[in-house]
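In what follows, a structure is listed as structure tokens, so that the remarks can point back to it.
The values are calculated or read from the model by the stated rules, or taken from the named source; none is laboratory data. Being a predicted model, the structure only gives us computed values, none of them experimental. Positions of Cβ are backbone-derived with ideal geometry, glycine not excepted, and every protein chain shown enters the neighbour counts. In case anyone asks, the SASA skips ligands and DNA or RNA and just uses the protein heavy atoms, side chains included. Shrake-Rupley method; radii C 1.70, N 1.55, O 1.52, S 1.80 Å.
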Amino acid sequence: MTFHSEESGFAVLRVKVKGFRELVTVVGTLASANAGEWLDASGHWLMDPQHGRQFKAVELRTTQPDTLEGIEKYLASGLIKGIGPIYAGKLVKAFGREVLNIIESQSARLEDVEGIGPVRRARIKAAWNEQKAVREIMTFLMSHKVSTSRAFRIYKTYGDAAIERVRKDPYCLARDIHGIGFKTADQIAASLGVEPTSPLRARAGVEYVLLELTDEGHCAFPRGGLVERAATLLEIPAEILDRAVAEGLDSGRLVAGQDRFGEPLVYLAALDQAERQLARQLVELARGAHPCPPIDMTKALPWVQDRIRMELSPEQADAVRLAVERKVMIITGGPGVGKTTLVNAILKILRAKKLKVVLCAPTGRAAKRMTETTGLTAKTIHRLLEFDPGTGGFRHDPAHPLSGDVFIVDETSMIDVLLANQLVRAVPRHAALILVGDVDQLPSVGPGCVLRDLIDCNQFPACRLTHIFRQAASSAIVTNAHRVNTGELPHYPKEKTTDGPVSDFYFIEADEPAAGCDRVVNLVRDAIPRRFQIRPQDIQVITPMQRGELGARNLNLRLQAALNPKGPAIERYGWTFRVGDKVMQMENDYDKDVFNGDIGRITGLDEVEREIKVRFDDREVTYDFQEMDEVSLAYATTIHKSQGSEYPCVVIPIHTQHYILLQRNLLYTAITRGRKLVVLVGTVKAMAIAAHKVESHTRVTTLKDRLLEYAGAQMG
């Protein structure tokens, strides 16, 4: 196997052919191949100017080997987890040509081989069945001229019924499989004979467009706009799609609603339910007596100030009073305004009153930072709710609520409507809820504007902290974040100095994207470590976009080449993954207990077991080679993905190349990710565009209206 692309199936194979002294090069397309297999190829010879004589195959088929040498190579190729070159040799020696049949139908006999016990035997058998099923899916996908790279993911999702399931409804792939888009599913549907105007395709197209809109943050979308977008995607008449929307509404997969101006909206059922439940339960939770007994604040404030050795500002003192009186409250404000001090003051009082306080945050890094600043254990919301693999939901819900009297949630701006609903459903009715976050940051990656809607509905007390404390005011990071938030350009040292740090905030001009890319690499590898004694692994590059020369993808390739160029590696899904690489989890994986945005480092790569080990903070997680589409390199990441995290140093490319995404809350969020040092690289023009442009894209969300509706019903 010289080369094989899982995306296109294109392969370059070196083959031993009867009558030829040298190995023959065969090029063509096939689902999968392993060393040792027999190959049946039909096509023609050609003379490649660079590589010499080749056989260009029009058709390629592989069959299991039947020679001892071929079988041993086949088993040693990494095809089956648990069998490497050593065990391949042992198995062939023990069973000869029958070894493949024995693995298939008499696997108990494998235990006759030295070193193979019941556990290894079971793993070999399971891996054999898995690879067989995955190869069948690959062959099926290839027959419909689509990428085979997600075959393992399809098998993992649907099991042995995968092909039958896809034949019945090819569009399930776009709904259920990470990395497979509508166009791929549509291509399979077309080759299976699904007509362009069929109701199945129209319904799937409408639901897919709604799903894509949730990625833009919308909880619903105007019906006319939805039909229009679906018509553009599917290239079929709008009336067919309008009927598809009506069928979706009749079946309950879609739900109808309207905005405050009476315009018809369409929701995916799960998002409609999440908004309704969240609004109702927040209103219910806010009622009743606070679990904290009455407190004399004239005594409590001096007492707590003495304990934390700090004087609270008037706005912080008001927030402390509300925290022990109101059952649902919000604390918001930018960097340096004392949110952490306030939370610690509230904690001192609540714990003195013997209340059980539960701390949580949406990401592992935010929870870790909360633990460090409070001295109490904080969990991620997912871990707090406890995923139940049996049901696919969380263990804690209204029937099995969490245990606690007061729940304090940090980084609430990151929480989407689905996760907020899961959390609030699990909070016991007697408890109080304190939501802490910076409403001026980017909204959640998922659908909704939960923190903004809770503040705007005016149903819950919201304390906005604005006073920047003296210690924080000495930081250019803090003052520049607040400058950007008011539409002003940051201040930074204009003179070039080399004798010691003069600031914690810098801007480096780079007019051309290529020059900017070079500057970023030099800063991370050489300049910042040399001048500020910050290690490259503690520097995070965060950029507005994935694409482009100054996008996360290209910067990752450049930084990997500069920081970790050698060592054991595999190629998967368009990335080279190497031991020592910094990687980020790209989706929630409840089985592994790792979540979207978690950053780790590759610590091991096992070719025999076909596994990679990644260390996330204090624990190691194992990935099958074929699960590596769950992670991507993370030397550089998007600003959206950096939400909820804080790094010793951030380097931020900002260029007019990023024009489409430049806006105030993006730059503000980026600057507030840096703890000790922030360096911007790019153009003043791009920085000015970002500082002056307020987000024009408004998310379609009706949580505020529903909160007002339920609050009004309660009053009535």
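See the values below:
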{"item": "Projected-area average for region 289-338 over all orientations - Cα convex hull basis, square nanometres", "result": "4.0"}
{"item": "Antiparallel DSSP beta bridges within region 1-128, as percent of all bridges there, nearest 5", "result": "90"}
{"item": "Summed residue charge, Cβ within 11 Å of Trp45's Cβ, Lys/Arg positive, Asp/Glu negative", "result": "+1"}
{"item": "Links that overshoot a 24 Å alpha carbon limit, given the list Lys494/Lys676; Lys183/Lys693; Lys18/Lys132; Lys327/Lys368", "result": "Lys183/Lys693; Lys18/Lys132; Lys327/Lys368"}
{"item": "10 Å Cβ shell holding at most 13 others, DSSP loop, GluC sites (Glu not before Pro): longest site-free stretch of the chain", "result": "312-487"}
{"item": "Centroid-to-centroid separation of region 95-136 and region 324-391 [C-alpha atoms, Å]", "result": "50"}
{"item": "Fraction of accessible area attributable to carbon and sulfur, region 644-716 (%, probe 1.4 Å)", "result": "57"}
{"item": "Against the rule of thumb 2.2 N^0.38 Å, how large the Cα Rg of region 1-160 comes out", "result": "1.13"}
{"item": "Listed peptides 450-463, 631-644 by packing density, highest first (mean Cβ within 10 Å)", "result": "631-644, 450-463"}
{"item": "Percent RCO, i.e. relative contact order, over region 470-609, from Cα pairs under 8 Å lying at least 6 residues apart", "result": "12"}
{"item": "Kirkwood estimate for region 177-233, i.e. one over the average of 1/r between Cα atoms, Å", "result": "12.1"}
{"item": "Per-pair calculated FRET efficiency, R0 = 22 Å: Ser143 and Lys56 via Cβ, rounded to 0.05", "result": "0.65"}
{"item": "Separation in nanometres of the label points that stand 7 Å from Cα toward Cβ, at Gln273 and Leu68", "result": "6.1"}
{"item": "Gyration tensor verdict on region 578-716 (Cα atoms; rounded if a/c is under 1.5, prolate if a/b is larger than b/c, oblate otherwise)", "result": "oblate"}
{"item": "Cα radius of gyration and Dmax for region 1-95 (Å)", "result": "14.4, 46"}
{"item": "Low-density loop positions, trypsin sites (Lys or Arg not before Pro), region 344-438 - DSSP coil, at most 10 other Cβ in 10 Å", "result": "Lys354"}
{"item": "Relative contact order of region 54-178, defined on C-alpha pairs under 8 angstrom at six or more residues apart (%)", "result": "15"}
{"item": "Surface share of carbon and sulfur [accessible, 1.4 angstrom probe, percent] for region 297-417", "result": "49"}
{"item": "Residue-normalised accessible area of the chain, expressed per residue, 1.4 Å probe, Å²", "result": "46"}
{"item": "Lys356-Asn458 FRET efficiency (beta carbon distance; Förster radius 25 Å; 0.05 resolution)", "result": "0.25"}
{"item": "Semi-axes of the equivalent ellipsoid for the chain, Cα gyration tensor, largest first, Å", "result": "49, 32, 27"}
{"item": "Region 308-425: radius of gyration and largest Cα-Cα distance (Dmax), Å", "result": "14.9, 50"}
{"item": "Cleavage-rule hits (trypsin sites (Lys or Arg not before Pro)) in region 1-99: DSSP loop, at most 12 neighbouring Cβ within 10 angstrom", "result": "Lys16, Lys18, Arg21"}
{"item": "Percent accessible area from carbon and sulfur atoms, region 11-128, protein chains only, probe 1.4 Å", "result": "52"}
{"item": "17 Å Cα-Cα reach of Lys73 towards lysines, excluding residues that sit fewer than 8 places from it in its own chain", "result": "Lys16, Lys81, Lys90, Lys93"}
{"item": "Relative contact order (percent, whole number), the chain, Cα cutoff 8 Å, 6+ residue spacing", "result": "11"}
{"item": "Surrounding net charge for Cys649, when Lys and Arg each add one and Asp and Glu each subtract one, Cβ distance under 10 Å", "result": "+2"}
{"item": "Estimated FRET transfer efficiency when R0 is 22 angstrom, pair Trp303-Glu325 (beta carbons, to 0.05)", "result": "0.80"}
{"item": "Hull volume in cubic angstrom per residue (convex hull over the Cα atoms of region 65-199)", "result": "116"}
{"item": "Whole-number Å³ per residue for the convex hull built on Cα positions in region 376-515", "result": "223"}
{"item": "Rg in Å to one decimal, and Dmax rounded to a whole Å, for region 474-601 via C-alpha atoms", "result": "17.2, 52"}
{"item": "For region 601-646, the fraction of alpha-carbon pairs in successive 5 Å shells from zero, as %", "result": "5, 17, 25, 23, 17, 9, 3, 1"}
{"item": "Label-to-label distance, nm, for residues given as Thr486 and Leu23 (7 Å Cα→Cβ offset)", "result": "6.9"}
{"item": "Cβ-based net charge around Val119, under 12 Å, with every Lys or Arg adding one and every Asp or Glu removing one", "result": "+3"}
